[in-house]
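Structure, as structure tokens:
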Amino acid sequence: MSDAQHQQRQQRLKEKVDARIAQAQREQGILMIFTGNGKGKTTAAMGTATRAVGHHKKVGVVQFIKGTWENGERNLLEQAGVPFYVMETGFTWETQDKAADTQACLNTWQYALQLLNSPDYDLVVLDELTYMISFHYLPLEDVVAAITSRPDHQSVIITGRGCHRQLIELADTVTEMRPIKHAFDSGIKAQKGIDW
Ligand code: ATP
Ligand code: MG
């Protein structure tokens, strides 16, 4: 390709991008979903939270599944004034105690509702929420209602595999993390600072 052709192509691309930027002028909070089986859903959510905090935005994080590990992002973001509510009690993969798990989920959801109702919060992260819906711990309609009636300027992030179709339809930005490789599959242990 000649320099002139390259220059022409770049010019056309720039015109297209500029036109799209000119069109997207509405300011409002958005619903983002990070789903799929690949690694990066929670880290993308925490990266966005970090970005928002860096602009002095108010962020709240609710985590619907707690492993036995601490998490590095909580250590950092709590110091930066981000409240974390983690569903710790009554939920483990081992117990399979549906009643206790449902109760723990609903308690956690009550906290999430406070954030979703509060105009003080610019960004609310609902980490691993998708499983609460697929396990039927939390009614889908309640989640849809809370998200639809949140303050206009508030953005929300939902993470987790197998996100319900209705939430995907409701969302503004949806990214599916697709696994191409994962170190775990070749026998490398999960690592502090990389995996949690
Ligand atoms: P991360 O927290 O690293 O962004 P994630 O939120 O996309 O990952 P989850 O499904 O929440 O992934 O899984 C949590 C844990 O499982 C993390 O420690 C993550 O590194 C690991 N993990 C994620 N995807 C895979 C995969 N495809 N195979 C094995 N382990 C994975
Ligand atoms: Mg995750």
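Values in this text are rule-based calculations from the coordinates and carry no lab data. Nothing here was measured: the structure is a model prediction, and the numbers come from that model. Virtual Cβ from ideal backbone geometry, glycine too; neighbours counted across all protein chains shown.
Mind checking the dipole of the chain: about its Cα centre, +1 per Lys or Arg Cβ, -1 per Asp or Glu Cβ, Debye to the nearest 20? Please list the in-between numbers first.
Numbers: 21 positive and 23 negative charges, 153 e Å.
Roughly 740 debye for the chain.
With 0.36 nm allotted per residue and the present C-alpha distance subtracted, the L140-R12 stretch has 41.7 nm of extension available. Potential lengthening of the chain between L76 and D3 amounts to 21.5 nm, from the contour at 0.36 nm per residue minus the alpha-carbon distance. Dividing the summed helix terms, -39500 (n - 2.57) for each DSSP H run of n ≥ 4, by the number of residues in the chain produces a 222 nm estimate of -13500 deg cm²/dmol to the nearest 500.
When you have a sec, figure out the Kirkwood radius of the stretch 1-149 from all distinct Cα pair distances and drop it here in Å to one decimal?
Numbers: mean 1/r = 0.0558 Å⁻¹.
One decimal place: 17.9 Å for the Kirkwood radius.
Pairs of Cα atoms nearer than 8 Å and 6+ residues apart set the relative contact order; for the stretch 121-194 it is 38 percent.
Just in the stretch 1-51: which trypsin sites (Lys or Arg not before Pro) are loop by DSSP and have at most 11 other Cβ atoms within 10 Å? Show your work: numbers first, answer last.
Numbers: sites: R9, R12, K14, K16, R20, R26, K39, K41, R51; in loops: R26, K39.
Of the trypsin sites (Lys or Arg not before Pro), the ones in loops of the stretch 1-51 whose Cβ has at most 11 other Cβ atoms within 10 Å are R26.
Across the cross-link table entries K14/K41; K39/K189; K16/K58; K39/K192, which are compared at the Cα atoms, the separations over 25 Å belong to K14/K41; K16/K58.
Can you work out the FRET efficiency for the pair Q23 and H153, with r the C-beta to C-beta distance and R0 = 25 Å, to the nearest 0.05?
Values: r = 21 Å, r/R0 = 0.82.
E(calc), rounded to 0.05, equals 0.75.
Distant-in-sequence amide contacts of I33, defined by a placed amide H-H separation under 5 Å and a gap of 5 or more residues or a different chain, comprise I158, T173, V174, T175. Work out which GluC sites (Glu not before Pro) in the chain are exposed loop sites (DSSP not H, G, I, E or B, at most 16 other Cβ within 10 Å) and give the longest gap free of them. Longest gap between qualifying sites, sites excluded: 95-196. Alpha-carbon geometry of the stretch 81-196: the Rg and the Dmax are 15.8, 46 Å, given in that order.
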